Each structure stands twice: as C-alpha cells, then as structure tokens.
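One structure is given below, encoded as structure tokens.
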Amino acid sequence: MKRILLFLVTNIAVLLLLGVTANVLSILLTGTSLEQTLGPEYTNLMVFAVVYGLVGSFVSLLLSKPIAKFSCRAKTIDGTEGEAERWLVQTVEDLARRANVKTPEVAIYPGEANAFATGAFKNSALVAVSTDIMRQMSREELRAVLGHEMSHVANGDMVTLTLVQGVLNAFVIFFSRAIASVLASGGGERRRSSSGTYYLVVMVLQTVLGILASLVVFAFSRRREYAADAGSAKLLGSPSPMIAALRRLGNLRPGVLPDSLKAMGIAEGRRRTSIWATHPSLEDRISALQNLDRTEFL
C-alpha cells in the first residue's frame, strides 16, 4: 500500500515537475513560456504524458502475474504434485517468513535455466522457476536463487522498477512533443501548417530520449540485482550459496524470458557488464558477494 501511495504522489509530482521544467526551458530558449506557446494543448499534453507513461506502466504491473503465467506457460503448484514440488513450496514459504512477507504463488515453467519474480504487491507476488534450473542446480543453489527472487519481492522491486519506467516514459512523451512544438514554430495555425515537421521531430526526439531513458532503467535494474544477491545472502545466512548458484548459472545455457520479464530473471546471459544490460555480469555479481562484510552473517 505504501508503494501505491508513492505511485499516486509521484503522478502529482511528475505533473508539477514537467510543467515547471518545460516552462523554464522554453523561457530560456524562446523568451516565451511553453504554456503560452502551446495554449490549450499544454494541459492536454501534460495529462496525456502522465496517463500514458505512468498509468500505462502501472496497469501492466497489475496484469503482470497473469501475463507472466501465459507468456511462459507457467503452472502454479501447491506442493502436492511431487517431492520436488513440495520442497520448492516449503522453501519459498520458509524464505517468505524470513523476509517478513506473505508466501507468494509458486510456479514452474518449461524452459532453460532461469527464474523470476513478479506481481504488483509484495504480499501477493509470483515466484517461478524453470524446469531446467530445477534439474541442473543443487538444492542449496536453488534455495539461493529463490532467496534472490524473494529479496526482489520483499524490496518491492517490481513496483519500484515500474515507477522508474513510468516516470521516464512520461518525460519522454512530454518533452519530445513539447520541444517539437517549439521547433515547429509554435501552436495554432502555424503549428498545423508545420505538422509534417512536428511529427518528424517528435519521432526523432522520442527515439533519442527513449534510448537515454532506457539506459537509466538498465542502470537501476543492475543495482537492483546486486541488492537482491546480497538479500539472498542475508536470508540464507551466508553469501556462499548465492556465489555457487551464480557460478552454476555461468555453466548453464540461460533461458530467454519474454521482454516484459527480462529484467525480472535471475540472469541475462551476458559475459560482461554492459550499459545496455538489465543485469551485471555473473563475474561482477560474484565479486560483489565476495566483498560483502562477513560480520553481517555471524
């Protein structure tokens, strides 16, 4: 609930920040406020940017669990299916208690080595693992992977990442259109006479600003992965199982998740950390775990 309130407050803050920033920039560049340049379209553009950027992202988050199940063909389990499934459910229950959150839904999906967590609320989440990661990892390693995913859940990372993405979407939508309006000679009749220029500039700016926004999202996602690794170490009382799990992942072929879930997976499969990656390299993650303060686990 706190993160939902944060989302609502962020909507209001984004509206105010967009308005103030855009008007200041317009006055500095043209001597006229953007509100004067656009006229009635100014308010419409602000509302459209926030609704499409923030609300659109949040609706996707609310639908994330059913979308994840459908796209990965994940099957929810309750532990009655067999010994391996019973261990999986009991392990998630234990980790949820340690993380002080309600036990999420547990699911298994067919595919190569990967695992992910998703859901709009940390007390109503979904944790899923692939059939291959269950088969290839030891139970200690798999428990560390589940600890990593439970750390994502406990930290509310799904909501936070959506919030970051939504805010950046709103900025991209607003500024690409606002700047295009100024460059296309303002509003009114002049704007309509320059509609071709306006839409061309919008396309270019939306692409450029969208790429820059993606780099911010990727950087945030990489920091989030380091935190989830450390969270798994704390839940298990030692970084060793998570280090072993990451080393095992390095010897496995990582499963490719749908685009909507890539940032939520345990691994992305890159050999090196890249500004275009949602995850740091496995080597960098292992190094970060090895450098954790060991006194925290005594």
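Regarding R222, is this residue touching a residue at least 12 places away in the same chain (Cβ under 8 Å) and in contact with a strand residue (DSSP E or B) (Cβ under 7 Å, 6 or more places away or on another chain)?
Values: touching a residue at least 12 places away in the same chain (Cβ under 8 Å): yes; in contact with a strand residue (DSSP E or B) (Cβ under 7 Å, 6 or more places away or on another chain): no.
Considered against the rule, which asks whether it is touching a residue at least 12 places away in the same chain (Cβ under 8 Å) and in contact with a strand residue (DSSP E or B) (Cβ under 7 Å, 6 or more places away or on another chain), R222 comes out as no.
What pairs come up if the first residue lies in region 204-216 and is surrounded by 14 or more Cβ atoms within 10 Å (Cβ to Cβ), the second is assigned to a helix (DSSP H, G or I) and of a type in the set (D, E, K, R), and their beta carbons are under 9 Å apart, counting only those six or more places apart or on different chains?
From region 204-216, the pairs are L205/R177; Q206/R177.
What number goes with the only condition from (1) of a type outside the set (A, V, I, L, M); (2) at pLDDT below 85; (3) closer than 22 Å to P239 by Cβ that S260 does not pass?
Evaluating S260 over (1) of a type outside the set (A, V, I, L, M); (2) at pLDDT below 85; (3) closer than 22 Å to P239 by Cβ leaves (3) as the failure.
Across region 185-203, which residue is surrounded by the fewest Cβ atoms within 10 Å (Cβ to Cβ) among those that are at pLDDT 70 or above and not hydroxyl-bearing (S, T, Y)?
Step by step, filter region 185-203, then rank; the result is G196.
Those residues that are modelled with pLDDT of 95 or more, over 11 Å from G231 (Cβ atoms) and not acidic (D, E), I need them from region 141-156; list them, please.
L142, R143, V145, L146
Please pick out the residue among V167, V127 that is buried (at least 18 other Cβ atoms within 10 Å of the Cβ), of a type in the set (A, V, I, L, M), within 22 Å of S57 (Cα to Cα) and modelled with pLDDT of 95 or more.
Values: V167 fails: modelled with pLDDT of 95 or more.
Criteria check complete, one pass: V127.
If you go through region 102-118 one residue at a time, do you hit one that is basic (K, R) and farther than 30 Å from A213 by Cα?
yes
Of the residues R143, R139, R177, only one is crowded, with 19+ Cβ neighbours inside 10 Å, charged (D, E, K, R), in contact (Cβ under 8 Å) with a residue 40 or more places away in the chain and farther than 22 Å from E41 by Cα; which?
R143
Would you please name the residue that is farthest from M264 (Cα to Cα), looking only at residues in region 103-117 that are crowded, with 24+ Cβ neighbours inside 10 Å and in contact (Cβ under 8 Å) with a residue 60 or more places away in the chain?
Only one residue fits best here, namely A113.
Suppose we keep only residues that are outside any helix (DSSP H, G or I) and touching a Leu at 6+ places or on another chain (Cβ under 9 Å) within region 238-267. Which one would you say is surrounded by the most Cβ atoms within 10 Å (Cβ to Cβ)?
The first filter runs over region 238-267 and keeps only residues outside any helix (DSSP H, G or I), leaving 238-239, 251-258, 265-267.
From what is left, the residues that are touching a Leu at 6+ places or on another chain (Cβ under 9 Å) are 239, 265-267.
Values: P239: 23, G265: 24, I266: 29, A267: 25.
Within region 238-267, the match that is surrounded by the most Cβ atoms within 10 Å (Cβ to Cβ) is I266.
The values are calculated or read from the model by the stated rules, or taken from the named source; none is laboratory data. Source: prediction; values computed, not measured. Cβ atoms come from the backbone with ideal geometry, glycine included; neighbour counts cover every protein chain shown.
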